[in-house]
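Colleague: Would you mind keeping the following structure in view while I ask a few things?
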Amino acid sequence: MVDLNETKQRDQWGSKIGFIMAAAGSAIGLGNLWKFPYMAGQNGGGAFVFVYFAILILVGFTLMLAEIIIGRNTQLSAVGAYKKLNAKWSWLGGIGVLAGFMILSFYSVVGGWTINYIVKSVTGGLASSDPAVLGGLFEQLIANPTEPIIYHALFMILTLGIVKGGISGGIEKATKILMPGLFIMMFIIMIRALTLNGAMAGVEFLLAPDFSKINGGVILAALGQVFFSLSLGMGTMITYGSYLSKNEDLVVSSISIPLLDTAIALLAGLTILPAVFAFGFDPGQGPGLLFVTLPAVFAQMPLGTLFALIFFVLVLFAALTSSISLLEVNVAYVVDEFNWDRKKATFVMSGLIFLVGVAASLSMGPWADINIIGGRNIFDSLDFVASNILLPLGGMFMCIFIGWIWGLENAIKEASNNGKLAFKLAPFWGFLVKWVAPIAIFIVFVQSSGILSLFGF
Ligand code: TRP
């Protein structure tokens, strides 16, 4: 397995599956299990999923390949990669670092909730199918001024511990068991949810699009979700791609990772939304959706407590394989740019991210009245700015960079291993990178009612 430390002799992935597992580990996380279902719930269900798929096909696969190409070509992480290809573009790596910082600050708070729910499932506190009881439990946790912050600290410490030492073989081995484990668990829980009374209303909500619900806000939310879920737009996949050997088929990887990622998001959606309708929860209730609905499903399963425990542990691991990729981008930046010692960089960045996360956590309780952007609290504002603005902007400028500055020929040469592999879709991919993806992102920005007005323009 790779050591994400920049050593003189650059490491490479042990195997192709090693890269796909690590990249899928970064992509699959809270974005799929926690965020996708509640975003769909808030943004018109099937309408959101429909737009999500359209953007995934036009932008998601395209950018996944683009990032991996830059990484493998330069053999450097984001900031260094842009610097090497064209020094004038290194700011683009900087946008990514900022986005990663903001995302991890609230991501870690949610990771903390997950640890708390592991504890709750052991102590038996979750055994209920009553929306009022489960909603109350969740509210009590997140509104508490200290408890969620302690769990947020714990999650940050776990992330820090892994990143500090570089990613060891243990993590790779663990991921190889845990990811398929997550898949199988999700499948079993989905079957239980789908066979609940009234579950089909949830399936319909999620899969039958009501096109009248599509508007600028829904499209922007779906765009942000594609970037967030696939770990795109901030150079994560540049870094991971930089450890790939020159013989691997990049095109195959860039198709498999989004497919795996989407499969997990759909499994989560097809578990949580049917449960929402079966038990009478509110689909639009936001970030608590996973935490209030799934315990209701577990309460209706034989061995439910055990299922709850295993499930939340798997969610924690999925979250950690993502959070390490977010922290790594920050650490690599200060190590590369300011020559910091890796240990110091890891501690300082984790500490700063933790502090911003404290504000995000407090905004769920004592600081709930502080509004930053368009009526959003601190937590939602961090998510909105990073996911819906910085990541898509990062992606758009990367397309412009590849299509118009670095040159499609160079990119395609890299993707086809210097012409050794057939890359039949090259002209099509080139067209998407040069024209379709950047223009689509730009239009979403301008159209999505009032991004600018949110900032007072
Ligand atoms: N994709 C991860 C998830 O779905 C989160 C994540 C990890 C991420 N690295 C990222 C999001 C880089 C955006 C950019 O949970």
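The values are calculated or read from the model by the stated rules, or taken from the named source; none is laboratory data. Note that the coordinates shown come from a computational prediction; the quantities given were computed from them, not determined experimentally. Heads up, the Cβs are rebuilt from the backbone with ideal geometry, glycines too, and the neighbour counts pull from every protein chain shown.
Colleague: Can you confirm whether the stretch 210-232 contains a residue that is more than 25 Å from Gly41 (Cα to Cα) and either in contact with a His (Cβ under 8 Å, 6 or more places away or on another chain) or surrounded by fewer than 18 Cβ atoms within 10 Å (Cβ to Cβ) (or both)?
Modeller: No, that holds for no residue.
Colleague: Please verify whether the stretch 90-104 includes one or more residues that are at pLDDT below 95 and more than 16 Å from the ligand (Cβ to nearest atom).
Modeller: Checked against the condition, which is being at pLDDT below 95 and more than 16 Å from the ligand (Cβ to nearest atom), the stretch 90-104 yields at least one hit.
Colleague: So Ile189 passes all but one of these: (1) within 16 Å of the ligand (Cβ to nearest atom); (2) surrounded by 21 or more Cβ atoms within 10 Å (Cβ to Cβ); (3) in a helix (DSSP H, G or I). Which condition number does it fail?
Modeller: The one condition Ile189 does not meet is (1).
Colleague: Now, a different point. Confirm whether Asn247 is closer than 30 Å to Gln75 by Cβ, away from the ligand (no atom under 16 Å from the Cβ) and over 15 Å from the mean Cα position of the chain (by Cα).
Modeller: yes
Colleague: Tell me whether the stretch 317-331 contains one or more residues that are polar (S, T, N, Q) and either more than 16 Å from the ligand (Cβ to nearest atom) or farther than 22 Å from Gly29 by Cα (or both).
Modeller: No, that holds for no residue.
Colleague: Being in contact (Cβ under 8 Å) with a residue 60 or more places away in the chain and touching a His at 6+ places or on another chain (Cβ under 9 Å): is that true of Ala360 here?
Modeller: yes
Colleague: Tell me, please, whether a residue that is out of contact with any Phe, Trp or Tyr (no Cβ under 7 Å at 6 or more places or on another chain), surrounded by fewer than 15 Cβ atoms within 10 Å (Cβ to Cβ) and part of a helix (DSSP H, G or I) can be found in the stretch 411-428.
Modeller: Looking for residues that are out of contact with any Phe, Trp or Tyr (no Cβ under 7 Å at 6 or more places or on another chain), surrounded by fewer than 15 Cβ atoms within 10 Å (Cβ to Cβ) and part of a helix (DSSP H, G or I), one finds at least one in the stretch 411-428, hence yes.
Colleague: Any idea which residue in the stretch 151-164 is surrounded by the fewest Cβ atoms within 10 Å (Cβ to Cβ), counting only those that are touching a Gly at 6+ places or on another chain (Cβ under 8 Å) and free of Cβ contacts under 8 Å to residues at least 60 places away in the same chain?
Modeller: Taking the candidates together, the pick is Leu154.
Colleague: For the stretch 30-52, which positions are of a type in the set (A, V, I, L, M) and within 13 Å of the ligand (Cβ to nearest atom)?
Modeller: Leu30, Leu33, Met39
Colleague: Which ones in the stretch 232-244 are more than 10 Å from the ligand (Cβ to nearest atom) and outside any helix (DSSP H, G or I)?
Modeller: Result: Ser242, Tyr243, Leu244.
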